[in-house]
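Read through the structure below, which is laid out as structure tokens, and then see the notes.
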Amino acid sequence: MRTRWFVIFLVVFLIISSHQTTQVNSDDYDETESRPYIDKIVYRVIPDPDTRILALLADAIDIHASSFDPSSYWPVLNVDPDISIHQSLRNGYGSITFNCRMYPLNLTGFRRAFSYAFSKTQVIAELDGFSKEHDSLIPYVNPFCIEDELSPHWYESEVDIGNAILDELNFTRDPTTGVRNAPNGEPFKIEMGYSGTSCNRKVANIAQKAFENLRVDVTINSYQKSKKSYNPFIDFNLVLREIDFIDYGISWLASEYGSEYAKDININPSGFSNSSFDIWGEQLLHNTTYDDVSQAAAEMQRILQYEVPSIVVYQNYYFQAYRNDKFTNYVEDLDRHIDGYWTMLNIRLLDGTTGGTVSVGIDQKPDSFNFFVAESNLSKVIFDKIHLGLYTRSPDLEPIPQLVEAMVVETSEENTNITQGHTRFTIDLRDDRRWSDNIPVTADDVAFTFNYILESGRYGNPKADDLAELMSVYSPSTYRVILEFCSESYWNFEKFAYQYILPKHAFNGTSFEEWDSWEISILEDNQVENINCGPFVLSDFEEGEFYELSVNPDWMRSRWDPYDGMYVARLSPGQDFRSLFQFFTIKWNLNWELIFSHSSESLTTELDRYIIPCSPAVPFVSYTILLDGEFYLFKSLNPFYPDPFPTEISVHVNDNSLSLGEHNFTIIVHSSYGGDFGSDTVIVTIMLPTFVGVLLAGFSVPFLIFVCYRRINGSNPKG
């Protein structure tokens, strides 16, 4: 029986950098329930790197979001006590890839000899120490990386071992030139290409020296990426290239180094082929449990470490700087860095209070507000704050639900109604998420999103490629959506989990052909229209100069923020009473109290179910009346109190069916932020039935008038 592969971590472990002086601990925030503490974010487009640094030093911006060149700016930034530096390893690296289709590069021993002769430590020194040595072909920041488990590490140059390997393989030396021939006795030459940057030129020179130390004839030349379709492996048999990954999935391992694609230079540039690797690749792609996928990934990394179709030559750091004299609780995010989603949810003024505007300097303007086609960094940064997916990633890359309340993953082994070989995801959504036009986010929106992607894929939407195996997606109820894939794979989750969700009602008939032209946030004539459901909304802009995001007050409808305040109603008990008749009025009072949760531990515990969208706030109040334990009445109070004051709740009863005796009237007061403000029961005793009461009243009134008349006129002898 397969175990369910997906485990959601509720606690986020943050990587603490020695260069960061103010950071948030994982215990300091709730990753799924927090609302922003700040009021606004303003992204200021400053293309020139020197100007951005000067703006940070002059306190014109709070965060330098673009990665800066540490060799140029580290000295001036690192000495300023009001500036902290964040560094995180890049999700990518520089690597040298062999063309294993060519002799003698197809010999594992030859590639291993080079890996021993090449000095990664020297590369780090040449790059001023702002990178680190790395062996695994999966970046260090990826959760599946086993860098610390690999042995031996090929960090230092060990030329003697490399030469010994070539000698054993019969790479003989020409008696005249001293240059090695291939084991078949023929001369050969290595032609290495590299992208023409000063950094890569330094690495290429170190690679050239390693080959020369092995007595291998080598030439190095730069290549220009003049055409997107150009592949340097056409002209070179050894290529130094930059590789960056857009996410943390590793299914690419099975194709980029898989035998099936060994002849396709565009999919498998190295032409690497290995049967054991392919077996583990099948497990990586088609098993559904985390343990199986993790095992396959580890074994594939070990094979690649030994076989060396590619060698990672450096993994460099991403550097950002930010001011620490105004805000605190920056979050170090392995994916989105110091200016990412988690920082903007948790950053707050130094005294811990809410409010303020965070100014962020960035190097380019957004190229589109259509998240299917946008490529600029600022577009992606803004999307992260205004849109939600079913899941997002925590600062340490674990999946965290955003729209999801619960998810069940099934195959035919768990559910016989599922087609063999298929995987079904049944997802229950939260019911408290709303679009910025106050329309609830429902399963219809989710189903519409994925169906729209699939249909627009016929017209070129690239997102459809990831969903090629999605057979169906539908919403059987308001907050439940079901996705079914025609394969069993751990990676099916990755294909849909982080996709931003579209508001179905906002498309107004937008055709599938127009997938690349719509924009959820419309910037036109300096007017901003938002249809999104994230923690912020786009509120102002000046094209190419700044883009302002403001807190979305409706993004949380039923959550309590531990640093904010709210008005809490205390229900005062009503008074029991007797009534001669079946019509009467019962009264209760609500006394409002302003509570700041961080001011009282007991109150925090008591009120942990109340969460508010703004501070301070008065919740929408409603109440239910039960008569003798059965539903009798439901009513809402005015939700808008400019300044809360004691509120009287009056329940008017006029019910001829009430019988003689005691009746229990129970009130339950509801808060729109979750939970109840309390309940109370008033006992009303009906003393007489209506007919008897009216009859006695009819005789008693004339009798009382007569008695009073006699007393006034002295007719009573004892008067």
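Since every read-out is calculated from the coordinates, none of them should be taken as a lab result. Everything numeric in this text was worked out from a predicted model, so none of it was measured. Neighbour counts are summed over all protein chains in view; Cβ atoms, including those assigned to glycine, are modelled from backbone coordinates with ideal geometry.
Which residues' amide hydrogens lie under 5 Å from the amide hydrogen of ASP217, considering only partners 5 or more residues apart or on another chain, with H built in the peptide plane?
Those qualifying (amide H under 5 Å, at least 5 residues apart or on another chain) are ARG180, ILE190.
In whole Hz, what ³J(HN,Hα) sequence does region 472-478 give by Karplus (6.51, -1.76, 1.60; θ = phi - 60°), x for Gly and Pro?
Once θ is set to phi - 60°, the couplings for region 472-478 become 7, 8, 7, 10, x, 8, 4 Hz.
Taking a virtual spin label 7 Å from the Cα of ARG215 along the C-beta vector, which residues in region 155-180 bring their backbone nitrogen under 19 Å of it?
158-180, by backbone N distance to the label point.
Over the Cα atoms of region 92-316, Rg to Rh with Kirkwood Rh, two decimal places?
0.96
Starting from 0.36 nm per residue, how many nanometres of slack lie between GLU513 and ASP39 once their C-alpha separation is accounted for?
So the chain would gain 166.8 nm between GLU513 and ASP39.
Counting only residues 5 or more places away or on other chains, whose amide H sits under 5 Å from the amide H of ASP680 once H atoms are built in the peptide plane?
So ASP680 has HN proximity to ILE667.
Which distance in nm do the two modelled labels at GLU260 and HIS505 give, with both placed 7 Å along the Cα-to-Cβ direction?
Simple spin-label model gives 4.4 nm for this pair.
Among the aspartates and glutamates, select those whose C-alpha is under 17 Å from the C-alpha of LYS202, and discard any that sit fewer than 8 residues away in the same chain.
Cα-Cα hits under 17 Å: ASP69, GLU126, ASP128, GLU133, GLU156, GLU191, GLU212, GLU242.
Which ³J(HN,Hα) values, rounded to whole Hz and listed in residue order, are derived for region 205-219 from phi using the Karplus coefficients 6.51, -1.76 and 1.60 in 6.51 cos²θ - 1.76 cosθ + 1.60 with θ = phi - 60°, glycine and proline given as x?
Along region 205-219, the couplings run 5, 5, 5, 4, 5, 4, 5, 5, 5, 8, 6, 10, 6, 8, 10 Hz.
Note down the net charge around ILE41, summing +1 for each Lys or Arg and -1 for each Asp or Glu among other residues with Cβ under 12 Å from its Cβ.
Local charge sum for ILE41: -3.
Using the structure shown, list the pairs from LYS365/LYS495; LYS120/LYS209; LYS209/LYS263 with a Cα-Cα distance above 21 Å, or answer none.
Pairs exceeding 21 Å: LYS365/LYS495; LYS209/LYS263.
Considering only C-alpha atoms, what is the centroid distance from region 130-205 to region 436-459, in Å?
About 49 Å separates the Cα centre of region 130-205 from the one of region 436-459.
What value in Å³ per residue do you get for the convex hull of the alpha-carbon atoms in region 275-432?
Cα convex hull per residue, to the nearest whole number: 209 Å³.
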